[in-house]
Amino acid sequence: MSTLAKASGALKSVDYEVFGRVQGNGELREGLCSHPAYTEQEAKKLGVVGWVKNTSQGTVTGQVQGPEEKVNEMKSWLSKVGSPSSRIDKTSFSNEKEISKLDFSDFNTRY
């Protein structure tokens, strides 16, 4: 069992999708509402594992796993903060469940 799993009781897993806009070159445009690098940075800071990627529909999707308290902190960040110069319109969470072990050893960006 990983150190992360031992450190706190229940482990959680949740899938997410973030909808919104990001500002670039002085204009607000659809899509890429949270640059994956910022999501990866925040996840590593919180100590959760999983992945993130931009979709062809202009959203950001991924999965987060870790201690329930840390997953909840990441959910809050995904819903309210996101990357600098972004505006989050909506974040949807699905497949939230308790897990017995982590499926990932790190948090990374998928392409």
Checklist outcome for this item: Diffing segment 73-79: the Karplus 3J(HN,Hα) column from phi (6.51, -1.76, 1.60, θ = phi - 60°), in whole Hz with x for Gly and Pro, holds 5, 5, 4, 5, 4, 5, 7
Checklist entry - For segment 53-68, in order, what is each residue's ³J(HN,Hα) by Karplus, 6.51 cos²θ - 1.76 cosθ + 1.60 with θ = phi - 60°, in whole Hz (x at glycine and Pro)? => result 7, 7, 9, 5, 8, x, 9, 10, 10, x, 9, 10, 9, x, x, 3
Checklist entry - Which of rounded, prolate, oblate describes segment 57-103, given a ≥ b ≥ c as roots of the alpha-carbon gyration tensor eigenvalues and a/c under 1.5 marking rounded, otherwise prolate only if a/b is larger than b/c? => result prolate
Checklist outcome for this item: Counting only residues 5 or more apart in sequence or on a different chain, those whose built amide H sits under 5 Å from that of Thr59 are Leu32
Item to check | trypsin sites (Lys or Arg not before Pro) within segment 80-111, DSSP loop, no more than 12 other Cβ atoms inside 10 Å | outcome: Lys101, Arg110
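Read the figures in this text as sums done on the coordinates, not as results from a lab. Bear in mind the structure is a predicted one, so any value in this text is a computation, not a measurement. So basically every Cβ, Gly included, is an ideal-geometry build from the backbone, and we count neighbours across all protein chains shown.
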